[in-house]
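The values are calculated or read from the model by the stated rules, or taken from the named source; none is laboratory data. Model, not experiment: these values are computed from the prediction. We place every Cβ from the backbone using ideal geometry, glycine too, and count neighbours over all the protein chains shown.
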Amino acid sequence: MDERRVTLHFKGDLPQRLDRFVGESLPELSRAQAQRLIKQGRVRVDGVPPRKTGMLLSGGETIEIHVPAPQLGKLQPEDIPLDVIFENEDVLVVNKPAGMVVHPAAGHASGTLVHAALAHAPEMEGVGGEKRPGLVHRLDKNTSGLIILAKNDRAHRMLQEQFRLRKAHKIYLALTDGHPPTPQGRIEAPIGRDPAHRKRMAVVPAHKGRPALSEYRTLQRFDHHSLLEVRILTGRTHQIRVHLAFLGCPVVGDTVYGRRKPTLPLSRHFLHAFRLTLTLPGEETSRTFEAPLPPDLQFVLERLGGDDRR
């Protein structure tokens, strides 16, 4: 694939940093990657290379971005430590840390979960696809918690089928700014690309999105926050974050769908894949795996006077 050129027009009512605008406008780029492109001279504003990555856009500017072609080639295993919750000859269940990308993408050619998994279980190579070996579901980069990978084609097909038929149950813990309208509820709202911001998703009319279904219940209620247990029955991009923002109680630390400035001392959003229940290949009854809250999320909860024990 050749380098591609993207032309954007900033029409915001309020000034915005160039690196943030580029990162939010191109789904495959993070803000750090946008900054790298600006420093490399691959971004021009009204035909001129900006002097700073944080240049303020005031409105009416044309931004031209030269996005380099993704690096191709065979994935190389990388000896990156993994927090393995469970493993047998068919599957690998990992507690993914926040900050780790699940599979290679533009700007993330190495250091991903699948690179680490290939070093841990070389037999996973090629299972389900050359670029995403073993994957049957995903987590956002800054979402921590449980993810399962298949180590052979038979296991991959079986797990995929469970997710497709909604027989795999995924439970997340989310701390929100504000409170949901009811202590527990069901959110059935289609999700699609936000027409105004290509990197974001949004609740959209049914004919413009895909069905999305989430259920939640309140575990603890604080003065200005709620700790929720959320179950997703579909696997749309950013589903929980979009649905909770739609309810008016966005996830704490989510600067994309929630408040631009975190209300609590947290460098990422408070969302953790806590519990995963499914049936493993060769078994007849389901198993449940759990991963406790990581220290950064536990610290924030304790600061509120909360407890993650259920």
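Check Gln298 against each of (1) in a helix (DSSP H, G or I); (2) buried (at least 20 other Cβ atoms within 10 Å of the Cβ) and name the one condition it does not meet.
With (1) in a helix (DSSP H, G or I); (2) buried (at least 20 other Cβ atoms within 10 Å of the Cβ) applied to Gln298, the lone miss is (2).
Take the residues in region 156-198 that are of a type in the set (Lys, Arg) and not in a loop (DSSP other than H, G, I, E, B), then tell me which one is surrounded by the most Cβ atoms within 10 Å (Cβ to Cβ). Step through it out loud before you land on a result.
We begin by selecting, within region 156-198, every residue of a type in the set (Lys, Arg); these are 157, 164, 166-167, 170, 186, 193, 198.
With not in a loop (DSSP other than H, G, I, E, B) added as a condition, the list becomes 157, 164, 170, 186, 193, 198.
On the way: Arg157: 14, Arg164: 11, Lys170: 23, Arg186: 11, Arg193: 16, Arg198: 15.
Checking each candidate, the answer is Lys170.
Can you tell which of Leu278, Leu271 is touching a Phe, Trp or Tyr at 6+ places or on another chain (Cβ under 9 Å), surrounded by 21 or more Cβ atoms within 10 Å (Cβ to Cβ), over 22 Å from Val101 (Cα atoms) and modelled with pLDDT of 95 or more? Outline the logic, then answer.
Details: Leu271 fails: over 22 Å from Val101 (Cα atoms).
Only one candidate passes the filter, namely Leu278.
Keeping to region 220-243, report how many residues are over 18 Å from Gly192 (Cβ atoms), surrounded by fewer than 16 Cβ atoms within 10 Å (Cβ to Cβ) and among the hydroxyl-bearing types (Ser, Thr, Tyr).
If we filter region 220-243 for residues that are over 18 Å from Gly192 (Cβ atoms), which is where we start, we get 220-231.
Retained after the next criterion (residues that are surrounded by fewer than 16 Cβ atoms within 10 Å (Cβ to Cβ)): 221-224.
Now drop any that are not among the hydroxyl-bearing types (Ser, Thr, Tyr), which leaves none.
Summing the residues that are over 18 Å from Gly192 (Cβ atoms), surrounded by fewer than 16 Cβ atoms within 10 Å (Cβ to Cβ) and among the hydroxyl-bearing types (Ser, Thr, Tyr) in region 220-243 gives 0.
From the list Pro295, Pro265, which residue is of a type outside the set (A, V, I, L, M, F, W, C), out of contact with any strand residue (DSSP E or B) (no Cβ under 9 Å at 6 or more places or on another chain), modelled with pLDDT under 95 and not assigned by TED's automatic domain parsing to the domain that holds Ser144? Working first, answer last.
Numbers: Pro295 fails: modelled with pLDDT under 95.
When all the criteria are applied, what remains is Pro265.
Is it the case that Lys141 is out of contact with any Leu (no Cβ under 6 Å at 6 or more places or on another chain), assigned by TED's automatic domain parsing to the domain that holds Ala32 and at pLDDT 90 or above? Explain how you work it out, then say what you get.
Working: out of contact with any Leu (no Cβ under 6 Å at 6 or more places or on another chain): yes; assigned by TED's automatic domain parsing to the domain that holds Ala32: no; at pLDDT 90 or above: yes.
Spelling it out, it is not the case that Lys141 is out of contact with any Leu (no Cβ under 6 Å at 6 or more places or on another chain), assigned by TED's automatic domain parsing to the domain that holds Ala32 and at pLDDT 90 or above.
When only residues in region 121-135 that are in a loop (DSSP other than H, G, I, E, B) and either among the aliphatic types (A, V, I, L, M) or touching a helix residue (DSSP H, G or I) at 6+ places or on another chain (Cβ under 7 Å) (or both) count, which is modelled with the highest pLDDT? It would help to see each step written out before you state the result.
Initial filter on region 121-135 (in a loop (DSSP other than H, G, I, E, B)): 121, 125-134.
From the residues that got through so far, the ones that are either among the aliphatic types (A, V, I, L, M) or touching a helix residue (DSSP H, G or I) at 6+ places or on another chain (Cβ under 7 Å) (or both) too are 121, 125, 127-128, 132-134.
Details: Ala121: 94, Glu125: 89, Val127: 89, Gly128: 80, Arg132: 82, Pro133: 88, Gly134: 91.
Per the stated criteria, the residue is Ala121.
Each row is one residue, and each column tells you yes or no for (1) among the small types (Gly, Ala, Ser); (2) free of Cβ contacts under 8 Å to residues at least 40 places away in the same chain.
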{"residue": "Gly258", "(1), (2)": "yes, no"}
{"residue": "Arg268", "(1), (2)": "no, no"}
{"residue": "Ser286", "(1), (2)": "yes, yes"}
{"residue": "Pro295", "(1), (2)": "no, yes"}
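Tell me yes or no: at least one residue of region 244-254 is buried (at least 17 other Cβ atoms within 10 Å of the Cβ), acidic (Asp, Glu) and touching a His at 6+ places or on another chain (Cβ under 7 Å).
yes
Which residues, counting only those in region 76-95, are surrounded by 14 or more Cβ atoms within 10 Å (Cβ to Cβ) and among the acidic types (Asp, Glu)?
Step one: filter region 76-95 for residues surrounded by 14 or more Cβ atoms within 10 Å (Cβ to Cβ), giving 77-78, 80, 82, 85-87, 90-95.
Passing the criteria: Glu78, Glu87, Asp90.
Can you name every residue in region 199-239 that is farther than 27 Å from Leu278 by Cα, in a loop (DSSP other than H, G, I, E, B) and of a type in the set (Gly, Ala, Ser)?
Scanning region 199-239 gives a single hit, Gly209.
If you take the residues of region 1-16 that are of a type outside the set (Gly, Ala, Ser) and not in a strand (DSSP E or B), which of them is modelled with the lowest pLDDT? I'd like the intermediate steps shown before the answer.
Of the residues in region 1-16, the ones of a type outside the set (Gly, Ala, Ser) are 1-11, 13-16.
Narrowing the set further to residues that are not in a strand (DSSP E or B) leaves 1-3, 10-11, 13-15.
Details: Met1: 47, Asp2: 58, Glu3: 70, Phe10: 88, Lys11: 83, Asp13: 73, Leu14: 81, Pro15: 87.
Among those residues, the one meeting the criterion is Met1.
Inspect region 140-154 for any residue being crowded, with 21+ Cβ neighbours inside 10 Å and at positive phi and give the result as yes or no.
yes
If you check Arg231, Arg198, Arg236, which single one turns out to be touching a residue at least 40 places away in the same chain (Cβ under 8 Å) and out of contact with any strand residue (DSSP E or B) (no Cβ under 8 Å at 6 or more places or on another chain)?
Values: Arg231 fails: out of contact with any strand residue (DSSP E or B) (no Cβ under 8 Å at 6 or more places or on another chain); Arg236 fails: out of contact with any strand residue (DSSP E or B) (no Cβ under 8 Å at 6 or more places or on another chain).
Exactly one residue qualifies, and that residue is Arg198.
Mind counting the residues in region 106-149 that are small (Gly, Ala, Ser) and touching a residue at least 60 places away in the same chain (Cβ under 8 Å)?
Within region 106-149, the subset small (Gly, Ala, Ser) is 106-107, 109-111, 116-117, 119, 121, 126, 128-129, 134, 144-145.
From what's left, touching a residue at least 60 places away in the same chain (Cβ under 8 Å): 106-107, 144-145.
Residues in region 106-149 being small (Gly, Ala, Ser) and touching a residue at least 60 places away in the same chain (Cβ under 8 Å): 4 in total.
Residue under question is Asp19, and the condition is that it be farther than 18 Å from Ala109 by Cβ, outside the structural domain of Ala105 (by TED's automatic domain parsing) and part of a helix (DSSP H, G or I); does it hold? First the steps, then the outcome.
Values: farther than 18 Å from Ala109 by Cβ: yes; outside the structural domain of Ala105 (by TED's automatic domain parsing): yes; part of a helix (DSSP H, G or I): yes.
Answer is yes for this residue.
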